[in-house]
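Data block below; observations after.
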Amino acid sequence: MLKTLKDLLESLKPSDGGAQGDEHALQLATAVVLVEVMRADATFDAGEREAVRATLREKFALSEDEAARLAELAEATAQRATDLYTFTSRIDERFDMAQKIRIVEAMWRIAYADGHLSDHERHVMWRIADLLHVPHGAYVNARLRARDAAAG
């Protein structure tokens, strides 16, 4: 387990600042904001973890193992992080508005995955969406789509 996590860490380090290093850093930044929603409530639900991994698999075309390793790295990174701006600024810079809205919708799906939406989860999602410059109307619509998907 530690070896695979170490391998992932090494692969995410930009060796020459090239495109591959930038892509790995973007993947990690995205994973961290998703994990922050999962970490926002008192318990880590299996459904929330799976929603994080599913989003990573879909967004970045990762295998199950790659998504699980990236999610583990994101959890460790989030625990050490002192702010969200480090991660959201990378996402804001590289994603267009439609991609950012899909990330916000994914955050809502993660929050709804355990069947309980806490005030702290709402606050974390609002902060992240604000840092990504997602308009309030798009933020609300993303929430409604995720809520409807969770109910259906």
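Looking for whichever is under 10 Å from the mean Cα position of the chain (by Cα) and either within 18 Å of Ala149 (Cβ to Cβ) or of a type outside the set (A, V, I, L, M) (or both) here; the options are Gln79, Gln99, Gln27. Which one fits?
Of Gln79, Gln99, Gln27, the one residue that is under 10 Å from the mean Cα position of the chain (by Cα) and either within 18 Å of Ala149 (Cβ to Cβ) or of a type outside the set (A, V, I, L, M) (or both) is Gln27.
Can you find a residue in region 61-73 that is under 11 Å from the mean Cα position of the chain (by Cα) and over 23 Å from His136 (Cα atoms)?
Looking for residues that are under 11 Å from the mean Cα position of the chain (by Cα) and over 23 Å from His136 (Cα atoms), one finds at least one in region 61-73, hence yes.
Would you pick out the residues in region 23-42 that are surrounded by fewer than 18 Cβ atoms within 10 Å (Cβ to Cβ) and more than 14 Å from Thr77 (Cα to Cα)?
Residues satisfying the conditions are Glu23, Ala42.
So that you can scan it fast, the table gives a plain yes or no per residue for (1) modelled with pLDDT of 90 or more; (2) farther than 13 Å from Ala106 by Cα; (3) in contact with a helix residue (DSSP H, G or I) (Cβ under 8 Å, 6 or more places away or on another chain):
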residue: Leu2; (1), (2), (3): no, yes, no
residue: Leu5; (1), (2), (3): no, yes, yes
residue: Lys13; (1), (2), (3): no, yes, yes
residue: Ala25; (1), (2), (3): yes, yes, yes
residue: Leu28; (1), (2), (3): yes, yes, yes
residue: Arg39; (1), (2), (3): yes, yes, yes
residue: Arg53; (1), (2), (3): yes, no, yes
residue: Glu72; (1), (2), (3): yes, yes, yes
residue: Glu75; (1), (2), (3): yes, yes, yes
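Scanning region 136-152 for residues that are surrounded by fewer than 16 Cβ atoms within 10 Å (Cβ to Cβ) and small (Gly, Ala, Ser), which turns out nearest to Glu105 (Cα to Cα)?
Ala149
From (1) in a helix (DSSP H, G or I); (2) of a type in the set (A, V, I, L, M, F, W, C); (3) under 18 Å from Arg122 (Cα atoms); (4) free of Cβ contacts under 8 Å to residues at least 60 places away in the same chain, pick out the condition that doesn't hold for Ala54.
Every condition holds for Ala54 apart from (3).
Please enumerate the residues belonging to region 76-106 that are buried (at least 18 other Cβ atoms within 10 Å of the Cβ) and part of a helix (DSSP H, G or I).
Hits for region 76-106 are Thr77, Ala78, Phe87, Thr88, Arg90, Ile91, Lys100, Ile101, Ile103, Val104, Glu105, Ala106.
Restricting attention to region 109-135, and to residues there that are part of a helix (DSSP H, G or I) and free of Cβ contacts under 8 Å to residues at least 40 places away in the same chain, which single residue is surrounded by the most Cβ atoms within 10 Å (Cβ to Cβ)?
Ala129
Limited to region 36-51, what total is found for residues that are without any contact (Cβ under 8 Å) to a residue 24 or more places away in the chain and either at positive phi or assigned to a helix (DSSP H, G or I) (or both)?
2
The values are calculated or read from the model by the stated rules, or taken from the named source; none is laboratory data. Please read these numbers as outputs of a predicted model, since none were measured by experiment. When we count neighbours, we look across all protein chains shown, and the Cβ atoms used for this are built from the backbone with ideal geometry, even at glycine.
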